[in-house]
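Take a look at the structure set out below.
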Amino acid sequence: MKYAFYVFTSYGVAGVMTLCLIAWVWLDGRARRQELAELEASGFRRRSSRPAPETPDEMGGETTA
Amino acid sequence: MTESLAITKLSDLANPTRFMALVARLVPWLAAITALLFAVGLYLSFKTEGDYQQGDTVRIMYVHVPAAWLAMMCYTIMALSAIGTLVWRHPLADVSHKAAAPLGAAFTLLALITGSLWGKPMWGTWWTWGDARLTSVFILFLMYLGLIALNRAIDDPSRAARVAAVLILVGFVNIPIIKFSVEWWNTLHQKSSVLRLDGPTIDPEFLRPLLVMALAFTLLFFTLHLLAMRNEILRRRVAAQRRMSARIASRGDAA
Amino acid sequence: MIALLSRDLKLSVRAGGGALIGVLFFTAVVAVIPFGVGPDLNLLARIGPAIVWIGALLSSLLGLDRMFQTDREDGSLDLMLMQEHPLVLTVLIKCLAHWLGHGLPLVIASPLLGLFMNMDEVAIGATMATLLVGTPALTFIGAVGAAVAVALPRGGLLVSILVLPLAIPVLIFGVSAAYAAVEEPAPFLPPFLILIAITMFFAVLGPLGAALALRNADD
């Protein structure tokens, strides 16, 4: 195959990049879930005090002290 | 498809928890279909014959064109989310465009790298400022990086989202101008050599793998986007809980 | 409105306001180029318009981050937000003041730098004309960046990163109009008119975006 180097390099780069993205998203998600679990374990419940998070205003809602 | 579903259901999805449930239900299916499509697309793209002019390098197209298409689509989605942020102040829209920026940057980088790998055998150079598309995609890449930098620079996530949304919209209006001006600039400076490939003659032979790969990449993007949005929501929940626990602790100290 | 204009102008002209610094920076950037590319006068004359334009672009970025930040620090930004005038108009006036304070000096200084670059009279005139028309667009784009970064403690560098990609069309048409005036076959007017159109366009988009960003950055 002519130019095989270029073809395979570009597929390789695409593959590596995709895998990196998947790994990033997955690891990030796992780390976040772990943090949340640690917080739960240390006794802090969400305001609704339900095991499953429910409150809609939770995302970055202003809770300035 | 999923995104339009997400947008039409945006009003129902005032509650991120419902969104999380939707993500949990959708993602396995999406991931499975994506994997299947990639398998078919890769098979097709290596099975079909090379172009008689470009040889096997035409196979790079099956990665390059979808990546470039995603680079554009991602910015469009970010612009739609930015409107959602500014008009409806919807927290999910904030999360959406923040999560999309790194993905967009990654796919833009992929488009640039594969374009460069395609350009070396075809044009004889890794990089040329003579091609309008190459140059404007590079500018798009810079804009993605700027947006990521801005998002990181502001601590308060909802304010960062609103400010970034303004920039996304201004950039979105600018993209046609940038593209147009770069093309003009080329016609002015590059009179001798026409480096642009005049659109590979779209033969069904090439079109089939291209479409499958484009669909696969698009679904990959949506899968990753949904998951990244979920991560971002989780990140904000963690931050909110930390704040709350700190407040409770300080109240306990005071008492 | 007139009061705001004159107040901003006075602030920018006063020592430390940055108008003089901008011109000095412009001069320094352009003066450094011959050391980089060598004293070849023909080459300098050829790249002159581009160098002067790039110098102007860089130095117009210089004072941007202070555009709204000083107002935020002394609280007058809050007053502007609460005013009855539409905020867009206020921002437009501020842009004009900023341009008069920071942009116009660059335009006035450009012929001198053109002489440094061994440019002929036509090229100097064309560069000056394109700068006169093009630098307002840079200010309007910059206003968006400045408004976006208003709340950041050290936003100067970030503003430059955000603004530069958006400013590329202005640079392209400014430089190509300046070149078109010198090189014979290319007509001068089309790129010049497009440059004017871009400036007009940003005169609308810039203040709108900046006002939107300011409203969203304050709480």
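The values are calculated or read from the model by the stated rules, or taken from the named source; none is laboratory data. Model, not experiment: these values are computed from the prediction. All Cβ positions, glycine included, derive from the backbone under ideal geometry; neighbour counts span all protein chains shown. All accessible areas refer to the heavy atoms of the entire protein, side chains included, with ligands and DNA or RNA removed. Shrake-Rupley method; radii C 1.70, N 1.55, O 1.52, S 1.80 Å.
If we keep just the residues of the stretch B:48-81 that are open to solvent by 40 Å² or more (accessible area, probe 1.4 Å) and at pLDDT 80 or above, which is farthest from B:Ser116 (Cα to Cα)?
Result: B:Leu80.
Each row is one residue, and each column tells you yes or no for (1) surrounded by fewer than 22 Cβ atoms within 10 Å (Cβ to Cβ); (2) among the charged types (D, E, K, R); (3) under 18 Å from the mean Cα position of the chain (by Cα).
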{"position": "B:Trp29", "(1), (2), (3)": "yes, no, no"}
{"position": "B:Phe46", "(1), (2), (3)": "yes, no, no"}
{"position": "B:Ile83", "(1), (2), (3)": "yes, no, yes"}
{"position": "B:Ala100", "(1), (2), (3)": "no, no, yes"}
{"position": "B:Thr125", "(1), (2), (3)": "yes, no, no"}
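Has the stretch C:43-64 got at least one residue that is more than 30 Å from C:Phe188 (Cα to Cα) and assigned to a helix (DSSP H, G or I)?
No, because not a single residue in the stretch C:43-64 is more than 30 Å from C:Phe188 (Cα to Cα) and assigned to a helix (DSSP H, G or I).
Considering only residues that are at pLDDT below 85 and either within 30 Å of B:Asp56 (Cβ to Cβ) or β-branched (Val, Ile, Thr) (or both), which ones fall in the stretch A:10-60?
The answer is A:Ser10, A:Thr55.
Checking the structure you have, find out if any residue of the stretch C:75-83 is open to solvent by 40 Å² or more (accessible area, probe 1.4 Å), more than 10 Å from every other protein chain (Cβ to nearest Cβ), in a helix (DSSP H, G or I) and not hydrophobic (A, V, I, L, M, F, W, C).
Yes, the stretch C:75-83 has at least one match.
Answer yes or no as to whether B:Thr201 is at pLDDT below 75, out of contact with any Ser or Thr (no Cβ under 8 Å at 6 or more places or on another chain), outside any helix (DSSP H, G or I) and among the β-branched types (Val, Ile, Thr).
yes
For the stretch C:196-218, how many residues meet the condition of being open to solvent by less than 50 Å² (accessible area, probe 1.4 Å) and either within 10 Å of chain B (Cβ to nearest Cβ) or part of a loop (DSSP other than H, G, I, E, B) (or both)?
11
Going by what's in this entry, would C:Phe173 be described as surrounded by 17 or more Cβ atoms within 10 Å (Cβ to Cβ), of a type in the set (Phe, Trp, Tyr) and modelled with pLDDT of 85 or more?
Against the criterion (surrounded by 17 or more Cβ atoms within 10 Å (Cβ to Cβ), of a type in the set (Phe, Trp, Tyr) and modelled with pLDDT of 85 or more), C:Phe173 qualifies.
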